[in-house]
Amino acid sequence: MKALRKLFSLFNVVAAALFVSSVLALQAVQRTPPTPTPPKPDLEERQALKVKVYFTDPQVQRLKPETRTIQVVQTNPRAVAQAAVNVWAQGPYDRGLLSLVPAGGAAPKVYLRGQHFFVDLPESYAKLRYGTSGERMLLCTLTRTLLDARGQDVTFLLGGQTVETLGHMDLREPYTRADCAEQ
């Protein structure tokens, strides 16, 4: 009985448990990990759509449309609107028209709720200092680009926040086609 007590002493039991756990840990570490599954290539078909994108004349007085072809994976209204605004931010092809986004400037984010567009302008747009006519054209070229095919109005945000103005322009109410009609 004494020999059995010495064999199952606390020290021997703890040492045996540590030995077994170290053997199991060694086996787990040496086990070959499962081969990861490679990602599936994005083979979604892109569709070409024609949209009207608005820019301004050199005098910053009139809106001028340019028909552009955009490539979209989804043809839902929000995806089409975002693609149109991305093209708008890249500027016109016609050298007689002006872009209102500085070279390399970010395109605004577009959201859609029912027939209402929400455009989140990057914070850098607040520092453009275009004056009243330039700020009006910035907002109107976006409004007309978005409302050309669908939608009721456009609400502008700045850096994800509701603001009262962009420079001299009032942003408290949504912009409609009538707000940006040709003069």
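Put H116, H168 in order of accessible area, largest first, 1.4 Å probe: what do you get? Please report the intermediate quantities before stating the final value.
Values: H116 65, H168 125 Å².
Descending order: H168, H116.
Reported to two decimal places, what Rg/Rh ratio describes the range 13-53 when computed on Cα atoms with Rh from the Kirkwood expression?
Working: Rg = 26.5 Å, Rh = 15.9 Å.
Computed over Cα atoms, the ratio is 1.67.
Could you let me know the centre-to-centre spacing of the range 49-85 and the range 116-178, using Cα atoms, in angstrom?
Result: 15 Å between the Cα centres.
Need one number: convex hull volume per residue for the range 65-183, Cα atoms only, in Å³. Don't skip to the answer; put the middle values down first.
Working: hull volume 13.3 nm³, N = 119.
Output value, Cα hull per residue: 112 Å³.
I need the Kirkwood Rh of the range 98-166: take the reciprocal of the average 1/r across all distinct C-alpha pairs and report it in angstrom.
The Cα-based Kirkwood calculation yields 12.5 Å.
So, in the chain, how many Lys pairs have Cα atoms under 23 Å apart, if the pair is 8 or more places apart or on different chains? The partial results should precede the final answer.
Values: K50/K64; K50/K109; K52/K64; K52/K109; K64/K109; K109/K127.
Summing the qualifying lysine pairs gives 6.
From a point 7 Å beyond the Cα of H168 in the direction of its Cβ, which residues of the range 122-141 have a backbone N at a distance under 12 Å?
129-137
Please list, short to long, the whole-number percent of alpha-carbon pairs of the range 1-153 in consecutive 5 angstrom bins beginning at zero.
Spelled out per bin, shortest first, that is 1, 8, 13, 14, 12, 8, 4, 3, 3, 3, 3, 4, 4, 4, 4, 4, 3, 2, 2, 1, 0, 0.
Using a Förster distance of 25 angstrom, determine the FRET efficiency expected from the C-beta separation of S124 and A181, and round it to 0.05. The partial results should precede the final answer.
Values: r = 28 Å, r/R0 = 1.13.
It comes to 0.30.
Inverting the mean 1/r over all pairs of different Cα atoms, compute the Kirkwood radius of the range 127-172 and quote it in Å.
Details: mean 1/r = 0.0885 Å⁻¹.
Evaluated on the range 127-172, it is 11.3 Å.
If packing is taken as the average number of other Cβ atoms within 10 Å across a peptide's residues, how do 138-149, 7-18 rank, most packed first?
Highest to lowest by the protection proxy: 138-149, 7-18.
When the dipole is taken about the Cα centre of the chain, and only Lys, Arg (+1) and Asp, Glu (-1) are charged at their Cβ, what size is it in debye, to the nearest 20?
Details: 22 positive and 16 negative charges, 235 e Å.
For this selection, approximately 1140 debye.
The values are calculated or read from the model by the stated rules, or taken from the named source; none is laboratory data. Since we're looking at a predicted model, the values are computed, not measured. Here the Cβ is made from the backbone with ideal geometry for all residues, glycine too, and neighbour counts use every protein chain on show. Quick note on the areas: whole protein, heavy atoms, side chains included, nothing else; ligands and nucleic acids left out. Shrake-Rupley method; radii C 1.70, N 1.55, O 1.52, S 1.80 Å.
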